[in-house]
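The values are calculated or read from the model by the stated rules, or taken from the named source; none is laboratory data. Only a predicted model underlies this, so the values are computations on that prediction, with no experimental measurement involved. Note: ideal-geometry Cβ built from the backbone for every residue, glycine included; neighbour counts use all protein chains shown. Only protein heavy atoms, including side chains, enter the accessible area calculation; ligands, DNA and RNA are left aside. Shrake-Rupley method; radii C 1.70, N 1.55, O 1.52, S 1.80 Å.
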Amino acid sequence: MSIVNREKLKKLHERETQRFVAEHPRCAELYVRAQDSLLGGVPMNWMKKWAGPFPVFVRDAKGAHFTCADGRDYVDLCLGDTGAMTGHSPDAVVQAVAKRAGEGITLMLPTEDALFVGEDLKKRFGLPYWQFALTATDANRFSIRIAREITQRPKILVFHYCYHGTVDESFAGLQNGVVGPRRGNIGPPVNPAETTRVVEFNDLNALEDALKHHDAACILAEPAMTNVGIILPEAGYWKAARELARRYGTLLIADETHTICAGPGGCTAEWKLEPDMLVFGKAIGSGIPGAAYGCTEEVAQRISARIHLEDCDVGGIGGTLAGNALSLAAMRATLEHVLTGENFKKMVSLAVQFNDGVSAEIQKHGLPWSVQRLGCRAEYMFRAKAPRNGGESAAAMDFELERYLHLHALNRGVLLTPFHSMALMCPETTPGDIDRHTAAFGEAAKEFVSP
Ligand SMILES: Cc1ncc(COP(=O)(O)O)c(C=O)c1O
């Protein structure tokens, strides 16, 4: 449902684009120069997706703010799409990383920091054994391999519209109930229908029907979906899904890379989930590349029994730089000083403030939209009711409208996540930062409804 007049939206977008161009001459210059050496003019293809005709180039960032090459200050509610949920460059991490960088960065030998991190993760999530990777994508890939190896099953199961990094098997979706490559899937190695079962979230019958084939090694799932808007599980969903997975011999992998926003132990601790394996990347090292994956005693025993010393470096799990000293020093400092219970309390209350403010503007202007929240992550969606699953949420997406609202916010000094309308809080975010967003959102909403 939309009350947005598209002609009017186009005009408003033009006005905001002109303002953006006028206010960012240096960023424009850098973007033109980048065309000569960077594919598409950006260091990574997603960076083209920001609202505006070219990306804002960053000069420096600290806490919840960054400054662009034109010297403008922004409240960062994207926070590197969770990589900087800790705030940019937290002091404790900067110090630990600087020290470690001067003492040896990577050796393919363990440092004592790894033990601190393993022990901390064990307390947070309740899983006894941990390994490290450089990205959440890799941690997911390695977890899938372990699941396939110990179950001797070929497929994985994911939810429609999930995102778990650039994991080939997870780039699958449903079209009229049939599994196929997801829209935009670049060069899939095989049709993902060969590797993947896909069901809608919050549908236990569909989940059981898929598990009945006895060919899914694991369910790879975010406890709450976060990459197609925030979609919360219905009451009792995970308890029942957990039971089904056990009944059909399928392992449950909780990808807490984003849902860590729910609290220091993610949804696993908040909702007392009992995954067989768990993945936590992105923010775990405050943006220094690093990710962790953990498993139960049973999974540890089953996989250890199948890995032989002579072949342990050629099994398709691990990497030269995985578990390096710098990455572990960053993780230790992040876990010890930044992702603490005390900081989470602050961050969650700011997300509540964000939602209350946006919700009040939505109501004031009679827009058929809603807001959703998971811990310190908040999101507005262009539908009146919270979605139950990926299909419902995707149907309410509106790329044109989203880009306009993001550009409008950017021109008023607020950065939202480019892939949907997510706002994340870090320990340094302030109530004033949230007010800046609410004011911009209210201004945009008023313009939509005025004749
Ligand atoms: C839930 C989830 N898992 C894994 C990843 C992959 O993270 P990375 O791109 O750092 O490998 C993402 C990235 O957005 C994610 O949202």
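Some values worked out for this structure:
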read-out: Residue list for the range 137-170, restricted to those being touching a helix residue (DSSP H, G or I) at 6+ places or on another chain (Cβ under 6 Å) and aliphatic (A, V, I, L, M); value: 146, 150, 156, 157, 158, 167
read-out: Which numbered condition residue 380 fails, given (1) under 20 Å from the mean Cα position of the chain (by Cα); (2) at pLDDT below 95; value: (2)
read-out: Number of the exception - residue 140 against (1) open to solvent by less than 40 Å² (accessible area, probe 1.4 Å); (2) out of contact with any His (no Cβ under 7 Å at 6 or more places or on another chain); (3) not small (Gly, Ala, Ser); value: (2)
read-out: Long-range neighbours under 9 Å by Cβ, at least six apart or interchain, first residue polar (S, T, N, Q) within the range 28-51, second surrounded by fewer than 14 Cβ atoms within 10 Å (Cβ to Cβ) and part of a helix (DSSP H, G or I); value: 45/39
read-out: Filtered residues of the range 148-172 (kept if more than 15 Å from the ligand (Cβ to nearest atom) and assigned to a loop (DSSP other than H, G, I, E, B)); value: 152, 153, 154
read-out: Count - residues of the range 3-18 that are over 21 Å from residue 384 (Cβ atoms) and touching a Leu at 6+ places or on another chain (Cβ under 9 Å); value: 3
read-out: Given (1) open to solvent by 30 Å² or more (accessible area, probe 1.4 Å); (2) part of a helix (DSSP H, G or I), index of the condition residue 319 fails; value: (2)
read-out: All strands (runs of 3 or more DSSP E) inside the range 193-286 with 1 or more residues being at pLDDT 95 or above, over 24 Å from residue 346 (Cα atoms) and within 11 Å of the ligand (Cβ to nearest atom); value: 216-221, 251-255, 277-280
read-out: Given (1) surrounded by fewer than 19 Cβ atoms within 10 Å (Cβ to Cβ); (2) away from the ligand (no atom under 16 Å from the Cβ); (3) over 26 Å from residue 399 (Cβ atoms), index of the condition residue 145 fails; value: (2)
read-out: Any hit, the range 406-419, residues being of a type in the set (Ser, Thr, Tyr) and modelled with pLDDT of 95 or more; value: no
read-out: Any hit, the range 409-417, residues being within 17 Å of residue 438 (Cβ to Cβ), among the small types (Gly, Ala, Ser) and surrounded by fewer than 22 Cβ atoms within 10 Å (Cβ to Cβ); value: yes
read-out: Residue in the range 304-315 that is at pLDDT below 95, open to solvent by less than 50 Å² (accessible area, probe 1.4 Å), at positive phi and part of a loop (DSSP other than H, G, I, E, B) present; value: no
read-out: Selected residue (only one of 338, 358 is buried (at least 17 other Cβ atoms within 10 Å of the Cβ) and within 19 Å of the chain's Cα centre (by Cα)); value: 338
read-out: Cβ pairs under 7 Å, 6+ apart, first in the range 243-262 and closer than 25 Å to residue 291 by Cα, second more than 11 Å from the ligand (Cβ to nearest atom) and of a type in the set (Asp, Glu); value: 251/276; 252/276; 253/276; 262/270
read-out: Selection count, the range 225-237, where residues are surrounded by fewer than 24 Cβ atoms within 10 Å (Cβ to Cβ) and of a type in the set (A, V, I, L, M, F, W, C); value: 2
read-out: Flag if residue 137 is of a type in the set (Ser, Thr, Tyr) and in a loop (DSSP other than H, G, I, E, B); value: no
read-out: Residue satisfying all of: in the range 112-137; among the aliphatic types (A, V, I, L, M) and either at positive phi or open to solvent by 30 Å² or more (accessible area, probe 1.4 Å) (or both); farthest from the chain's Cα centre (by Cα) among these; value: 115
read-out: Test for residue 297: is it out of contact with any Asp or Glu (no Cβ under 9 Å at 6 or more places or on another chain), modelled with pLDDT of 95 or more, under 30 Å from residue 106 (Cα atoms) and surrounded by fewer than 24 Cβ atoms within 10 Å (Cβ to Cβ); value: yes
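Conditions (1) within 16 Å of the ligand (Cβ to nearest atom); (2) open to solvent by less than 50 Å² (accessible area, probe 1.4 Å); (3) assigned to a loop (DSSP other than H, G, I, E, B); (4) of a type outside the set (Lys, Arg), marked per residue:
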{"site": "32", "(1), (2), (3), (4)": "no, no, no, yes"}
{"site": "47", "(1), (2), (3), (4)": "yes, no, no, yes"}
{"site": "52", "(1), (2), (3), (4)": "no, yes, yes, yes"}
{"site": "59", "(1), (2), (3), (4)": "no, no, no, no"}
{"site": "70", "(1), (2), (3), (4)": "no, yes, yes, yes"}
{"site": "96", "(1), (2), (3), (4)": "no, yes, no, yes"}
{"site": "110", "(1), (2), (3), (4)": "no, no, yes, yes"}
